[in-house]
Each structure stands twice: as C-alpha cells, then as structure tokens.
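S.K.: The structure's right below; bear with me while I get my questions together.
The values are calculated or read from the model by the stated rules, or taken from the named source; none is laboratory data. Quick caveat, the model's predicted, so the values are computed rather than measured. In this analysis, Cβ positions are derived from the backbone assuming ideal geometry, glycine residues included, and neighbour counts consider all displayed protein chains. Accessible surface areas use protein heavy atoms only, side chains included; no ligands, DNA or RNA. Shrake-Rupley method; radii C 1.70, N 1.55, O 1.52, S 1.80 Å.
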Amino acid sequence: MSKKTVRCAIYTRKSSDEGLEQEFNSLDAQRASSEAYVTSQASEGWSIIPTLYDDGGYSGGTMERPGLQALLTDIAEGKVDVVVVYKIDRLTRSLTDFSRIIEIFDKSGTSFVSVTQSFNTKDSMGRLMLNVLLSFAQFEREVTGERIRDKIAASKAKGMWMGGNPPLGYDRPKEGTHTLVVNKSEAITARHIFDRYLKLKSVHALERELGEQRILSKSWTTLKGKPMGGKPFNRGALFHLLRNPAYLGMVRHKDQVYDGEHRAIVEQELFNAVQTQLNTQARRHRAGPKRRVAKSPLSSKLFDASGEPMTPSFSRGSKGKHYRYYVSASLQQGGKSAPDIVQRVPAPEIERLVSDFAKRMLSKHAQPLNEVTAVHLQKDKIQIDLPVPGLRGACPQLEAGETTLFENKQTIRFAIAISLPKRGGQCTITPSAGRKPKIDKTLIASLRKAHQMVRKERGMPLIDKAPTSPHESKMLRMAFLAPDIQSDILKGLQPPSLNLQRLKQMHIPLCWNAQHIALGWMENTAPCSS
C-alpha cells in the first residue's frame, strides 16, 4: 500500500536585507538544508510544496511578515501538512507569537519540524523543549536590543551623530564617520530663522513669514534613495529647530546633552536669547485665560481609522470665541489630509456622544469619560472600549445602530453607527441608526460575476474559470466573502463608504470575522471558519 503524501512547506527568514542580492544568499542556504531534510524523509511520503514562503529583511519579533502570513493562510486552507524550518528562531523569536502559531497549526493538524533541532510539537515534551528554546531566542533578541541602545548612548556621549533626520544646516556624515558636515547655504538659513524669531517674538508669525518667503525644511535623501523634507515649516518643526542643541555643536541623548564632534553654526548668545524668549512665551501661554486651557478628556484615548492618535487643537473665531477639536497627529504636524479618513472632529460633539453612551453602559458614571479605555473614529461608525468590571449588568442593553464587536476579561468593544454631515463648514457627529438601504447595482453585478467564476464542491467555493485580467482577479475575491456580508450587499445594507472601487483596493482576509472588521460591518460576527 502506497504511503500517504505529506505536503511540506519550507519557511525561511533573514532579519536584515543585507546580502539578499547575492546569487546564493542566506534564504537559499536555509531552503537547501530544508529540502535535503525533506528528501531524506521521502520514504515516509514527504514532498515539497513548490510555493516559496520567504521573508528577507523581516524581524522575528513580529508576525507581520508577508511570507509567514501567506503560509498561515495556506495552513488554514488545509494545503500544508508539515512546516519545515532551518531553526526554530527563523519562524519566530517571540513566545507569545509562537503560541498563536502553534494554535493555528494544531487547529489544521499541521506539524512543525526544525532541521537542526529534532522536535515533535504533537507531544508535551516537544512543546516544553520548544518553549525553552524560544525563551532563549527571545532573551537573545532583547539582550541584542539592549546592547544596541547602550552602544548608541556611549557613542552619543562621545559626541558622535548616530543617525536620524539631519537638522537644517547640516548634511549627513561622510561614509565611515559620525560627524555632521556643515552645509554653508543652509547654515545661513538656520541662523536667519533664529534671528527672525527674536525679532518677531512669535512662532506663529515666524511660520507665516517663512511660508511667504518660501523657505522650506531640510531636503535630503535616505540611504535607500527616498527623498525627505523640502516642505513648508509648521509650528512643531520650528519649535524643534529652535530648541535643537545641535546648532551649538552638541548632541542630545534623551535628557542629556554632550559636546559633539560637529561645528556649531549658531552663537551661544543668540541660542540662549531664543531659549529665554521661548520660555517666556510658554509661561504666558500657561498663565493665559482659563477658557483657553479647556480640558480634553479623550486626549490619548481617541484614534482615527489609521490608528493615529487624535490630539486636542484650538482655534479662535472672528468674535473671539474659542473652538476645540481633536485632530490626527500627522495633520497637526503639517501632513496632507487623507481623503477616506476622518482626521478632524469637534471635541464637544464626540465627547457628548461617548459620554452619553458610557453613562448608559456603566454602573458608576460620575465621570464616564475617565472610564473609557479607547475610542476609534471611523467614517461611518465609532468604536468605544469600556472596562468589563464597570458594566451595568452582564448583558448591556443596546439601542438601534449599536453593536458589540468583541469582549475579553478586561475590555468590551462597542460600535455605534454615525454620520458626519457638514453644516456651515462645521463637521457634526450624529448617530445614524436605522439608515435606509442603498442598493449598489455595480457592487451586486460584480458579486454575481465573481460567483460565475467559481463552482461549489461539498459546500466549498472552488475556482472554475480562471481570471483573465487584474480586474477579474480582484472581483473573484468577492465570491469568498462571508454569507451574511453577501446577503447585506444584495439588500443594500453595506456600509455607506463601501463601493466596488474601495473593495478592489482592499486586502480581503479569508477569515469571516476578520472580513467584518476590515470591511466595516456592524453585526456581531461568528468565529473564524476555515
């Protein structure tokens, strides 16, 4: 009787991209050793899957690696029986990540083999030995990080420039050195900025003047050839420039300042005068009207759809009235606004909505916003994290447009459907419960075409007609959407922001639960199904 074929996937990884351009690199060496091992087990029916699962230039301390994610996807789809690696630390260097990976392996009945270390993950002793090895791998990674940090600290104490964005007035050190090189033309501009601030006595006025004169920030190119800088100055960049001790020929490391190897381009007297003026302005700001220093209870708790923190911002109207906002960090720092992400919202509106919801959910609500763990603002919903111990009862009563996304021992995440209309140029936040269905004929037609390209065998969709263009390849993924998502599309109950163009640009995960989160569905979701 013939042996059952054991499908073996070989995974390789290298932390840095150094040497990957060579004809035979580290990834090739790992693969060659792994292939030899699989060949030695040919009598047991082992065969190599031709798909390459390689991660060149990715750390083992994270699971966000394209090769690893492709491997885990194929495992979940039942395409892999054994995963072969050269050493266990090629797969991961984190105990937490390892436990997640092994859980995925066990769920799909996949085994794990290390070429240089004999392990069988199906028995308890093998798991114990793997955990011991991973503990040392994680310890090695942490010690290496500590050594690098200590080396940087020691080098800066000697006055060396250890990388980062070069300040205006200096160029990167020459190869083999750690000394900033003075850029004569930029040095004149840097001294001009210091002089003008002393005369204007206001960073706001300085920002406007530099913008009018078209004086831009430092323009430079990274070692990988990416252009950086060359943009108009914003207030944050000017504050950083005026406080930077590098202009005195010094190097800063955390709270310490050391004599640097590079030359100063700003006189000590001028630098000290600027610091005195900055400190004076800061004291005036703190001693200003109390109405200007309004509390922002969602500070450090509010995030936009891209995960950026939204920090408090203030503006003053023509009649002297003050307005409070929460603005995404990148937008505050002078970055361009993202078209599909809400990056600026009125503070009173969002604080009132979150506070009202928290009051209903929590048993004690003297200051409900203090109990909120996190708030995530998206285009058509707001997600609110509340502590489980403080909830009013085991099953909170939800209203229309409110759902529960997930729950663990410490936190429960709720979602509230909202709309963000603009009235008179001002954005307002209102719950959008009970919105009317909106049939998207283009989306439905694409969904039907996707199903024409697949056939079902034992209830599972299989590709029947291969896509003939990138457009069809992207549409094909719609056939693998969760059944309730497809049903909602047919009924016109999809999120308002979802259309065919956005769907084609997104990465659609295979896990149905992950699809609900990625595509913005508000219903409670079932566990992942493979």
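S.K.: To the nearest 0.05, how large is the calculated FRET efficiency for ALA374 and SER135 if R₀ is 41 Å and r is the Cβ-Cβ distance?
M.R.: It comes to 0.85.
S.K.: Report GLU308's accessible area, 1.4 Å probe, all protein chains in place, as a number in Å² to the nearest 10.
M.R.: The value for GLU308 is about 60 Å².
S.K.: Next up: Given LYS174/LYS224; LYS156/LYS218; LYS3/LYS107; LYS14/LYS224; LYS4/LYS474, which pairs have Cα atoms separated by over 27 Å?
M.R.: In this structure, LYS4/LYS474 exceed 27 Å between Cα atoms.
S.K.: Cα to Cα, under 18 Å, and not fewer than 8 places away if on the same chain: which aspartates and glutamates meet these conditions relative to LYS438?
M.R.: Counting by Cα, and skipping residues close in sequence, LYS438 has these aspartates and glutamates nearby: ASP380, ASP484, ASP488, GLU523.
S.K.: Next up: For LYS301, give me every one of the aspartates and glutamates with a C-alpha distance below 14 angstrom, ignoring sequence neighbours fewer than eight places off in its own chain.
M.R.: Of all the aspartates and glutamates, those that pass the test against LYS301 - Cα under 14 Å, at least 8 places apart if same chain - are GLU351, GLU371, ASP385.
S.K.: Also, quick follow-up: What residues have an amide H closer than 5 Å to that of ILE418, excluding those fewer than 5 places away on the same chain, when H is modeled at 1.01 Å from N in the peptide plane?
M.R.: LYS381, ILE382, SER432
S.K.: Students often check this: by mean Cβ neighbours within 10 Å, which of 33-44, 295-306 ranks highest, and how do the rest follow?
M.R.: Put in order of decreasing packing, that is 295-306, 33-44.
S.K.: Multiply the residue gap between HIS192 and GLU142 by 0.36 nm, knock off their C-alpha separation, and tell me the result in nm, one decimal place.
M.R.: That pair, HIS192 and GLU142, stretches by 13.6 nm at full extension.
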